[in-house]
Each structure stands twice: as structure tokens, then as C-alpha cells.
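Working notes, beginning with the structure itself.
Read-outs throughout are calculated quantities, based only on the coordinates presented, and are distinct from any laboratory measurement. The model shown is predicted, which means the values in this text are computed figures rather than measured ones. So basically every Cβ, Gly included, is an ideal-geometry build from the backbone, and we count neighbours across all protein chains shown.
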Amino acid sequence: MADSYTPPKVWTWDAENGGEWSKINRPIAGPTHDEDLPVGHHPLQLYSMGTPNGQKVTILLEELLAKGVRDAEYNAHLIRIGDGEQFSSGFVDVNPNSKIPALFDKTTCARVFESGAILLYLAEKFGHFLPSDINHRTEVMNWLFWLQGSAPYLGGGFGHFYAYAPEKFEYPIDRFTMEVKRQLDVLDRELEETEYLGGEDYTIADIVTWPWYGNLVLNNAYEAAEFLDVESYENVTRWARQIAERPAVKRGRIVNRTWGPLEEQLHERHDASDFDLRTQDKLEKA
């Protein structure tokens, strides 16, 4: 067992501690530097990175475009969170919480931050992927809020201590592994009864959840599929594979992505043709 830790009387920030991604966190809000955000010609301006939270929004936007919703055209500007670009004055104006993704709608002059709020805004604005029936809508909203409350245990909890922490400790890994497996069991039991979360229709409940738990069971996150025995969650695995085959999901999951195989990276998206123009030169210049 590791040496026990006695908290100090008053906590102080050690900026060099925290392992990979430590520079994205600090105990104060507000901008660190003045810089305006770029603005493209489409109605929707997205400032993001291809993390699970970022994928939620780009997948929904690509799904809306696949339905022929022309006003869902968007510019996806890359925010390199490892470089602190989320702390610029321009980004803080759109999201005072300095987290990606953040959206600005030029047609309404609305800023929208928090990924769940963005999905709800877009679904209500365009009238897709959110049922109008009160009971069905409520069930979808149940799962939207479930995800927003549960994913931090997966990402900031399990993902951090299992994959990114500078040292591995048994207690936090065991604690968050237990919780993630409980969450997978919750999903698996639900998906045994219905094709999608919230019912038989594909909705924002699935779009908000898949980037976290779908990527997890498909081993696209933390390389933890074997450790978590994800194949034992047969219904979650079926659901994850089914959604992964959707063309809009294949497009949306690579937008603002800067790691992995080159064919799975599209640093910025300003036009639908960008998906067909991905080349080594383009990626290196992005």
C-alpha cells in the first residue's frame, strides 16, 4: 500500500503536478490572454476538439445535415486544449467555463456551452432527434441528464487514474472501475429492452452517450476494453457497433481530431468537401 497522504491545512496549486493534460486545469477562471476567435461563413460556429464531448456535437450536426437541414451547416474551429487555447478572451466570451465544446449561432446571436445544452439547443432548433411526445421526450431527457452526470466518473475518474495519472494507485482505479462497470450494467439492462436509449428511435440520448460509452466498449478510449470485460455487456456492444456504422457518426467522430491514424483526423471542418480532401499536406498545415 502506498504511503498515506495527509492534506495540508490550506491547499495550494502545484501547476506541475497532475500528469498528462494537467495544463488544461487551473483553480481560477477567466482568460489568460487576449485573442479573438475565428469566424467562418456558416450559420453555426463550433469551437471544439475531437474528444468525446466534442464528438457529441459534430455527430449531431452531421446527422442533421444528412437529413437535409441546410441551416445546420457549420464551421468547426479547432481549439487545442493542450496549448491553452480555451483560455483566450474570445473563447471565454463564448464559454466562461473554458471547456470545449462551445457554439455560437450567428442567426440568433446565442452562445451555447456545455455539450448537453448544445445538443438540446440544436435538436429543439431544427426539430430532429428529440421526440415531441411528452413521455418519449422525458425518457430521452432522462438519459441525456444521466450521461451528463455519469460521464465525469468515466473520464475524469476512471480514464484519468487508469490511463493518464502520473502514478497508478489501486484505490482510485478500483473505485472508478467499479462505478464504470455499474454504469455499463445500467446501460446493458436498458438496451436489452429497447433498441436505443430512450426507446426504439435514435435520438440525442444515443448521440450524447455513444462518444463516451460506445468508444469505450469499441476500445477507442483508454485501451481498457479487456480490463473492463466489455464483451460481457452484449447489449451495449450491439448498440455501440450499430451506431458506429452510421455515416454521420463516421464523419462526426473525426472532426477536430488531431491524433490517431491520419484517415481518422479532420483538424477543422469548414465544408462537407473537407472530408474528401484530407491529405498529409492538409493535416500538417492545419
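How are the alpha carbon pair distances in the stretch 1-148 distributed across 10 Å bins from zero to the largest one, expressed in percent?
10, 34, 29, 17, 8, 2
Just to be sure I understand the curve: with the Debye formula and one point per C-alpha of the stretch 169-227, what is log10 I(q)/I(0) at q = 0.16, 0.23, 0.30 Å⁻¹?
Summing over Cα pairs of the stretch 169-227 leads to -0.57, -1.00, -1.27.
Pairs of lysine in the stretch 1-123 with Cα under 24 Å and at least 8 positions apart or on different chains: total?
Details: LYS23/LYS56; LYS23/LYS99; LYS56/LYS67; LYS56/LYS99; LYS56/LYS106; LYS67/LYS106.
For the stretch 1-123, qualifying lysine pairs total 6.
Could you point to the label whose value was computed as Cα Rg over 2.2 N^0.38 Å for the structure here, given (1) 1.30; (2) 0.95; (3) 1.02?
(3)
Near PRO96, within a Cβ-to-Cβ distance under 12 Å, what is the net charge of the other residues, with Lys and Arg +1 and Asp and Glu -1? List each step's numbers first, then the result.
Numbers: positive: LYS99, ARG111; negative: ASP93, GLU114.
Net local charge, PRO96 excluded: 0.
Net charge near THR177: determine it from the other residues with C-beta under 11 Å of the C-beta of THR177, scoring Lys and Arg +1 and Asp and Glu -1. Present the calculation step by step, with values, prior to reporting the outcome.
Details: positive: ARG175, LYS181, ARG182; negative: GLU170, ASP174, GLU179, ASP229.
Taking every other residue near THR177 into account, the sum is -1.
Please list, by residue number, everything in the stretch 44-73 whose backbone N is under 14 Å from a paramagnetic label point 7 Å out along Cα→Cβ of ARG80.
Residues 49-50 fall inside that zone.
Sorted by packing (mean other beta-carbon atoms within 10 Å per residue), highest first, where do 205-215, 174-184, 111-121 land? Intermediate values should be presented prior to the final figure.
Numbers: 205-215: 25.9, 174-184: 16.6, 111-121: 19.9.
Those peptides, ordered most packed to least, come out 205-215, 111-121, 174-184.
Sorted by mean Cβ packing within 10 Å, highest first, what order do the peptides 96-109, 124-137 take? Please report the intermediate quantities before stating the final value.
Details: 96-109: 18.0, 124-137: 14.3.
Top to bottom by mean Cβ count within 10 Å: 96-109, 124-137.
Give the percent of DSSP beta bridges with both residues in the chain that are antiparallel, rounded to the nearest 5. It would help to have the intermediate numbers written out before the result.
Values: 10 of 17 bridges.
Restricted to the chain, the bridges split so that about 60 percent are antiparallel.
Using the 2.2 N^0.38 Å rule of thumb for compact globular proteins, work out how the stretch 134-252 stacks up: its C-alpha Rg over that value, please.
Working: Rg = 14.3 Å, N = 119, 2.2 N^0.38 = 13.5 Å.
Normalised Rg, Cα atoms only: 1.06.
Calculated from DSSP H runs of 4 or more alone, at -39500 (n - 2.57) each and per residue, what is the 222 nm mean residue ellipticity of the chain, nearest 500? Don't jump to the answer; show the numbers that get you there.
On the way: 10 runs with 109 residues, N = 286.
Counting only the DSSP helices, I get -11500 deg cm²/dmol.
Taking R0 as 25 Å, what FRET efficiency do you get between HIS33 and ASN97 from their Cβ-Cβ distance, rounded to the nearest 0.05?
On the way: r = 17 Å, r/R0 = 0.69.
After rounding to 0.05, the efficiency reads 0.90.
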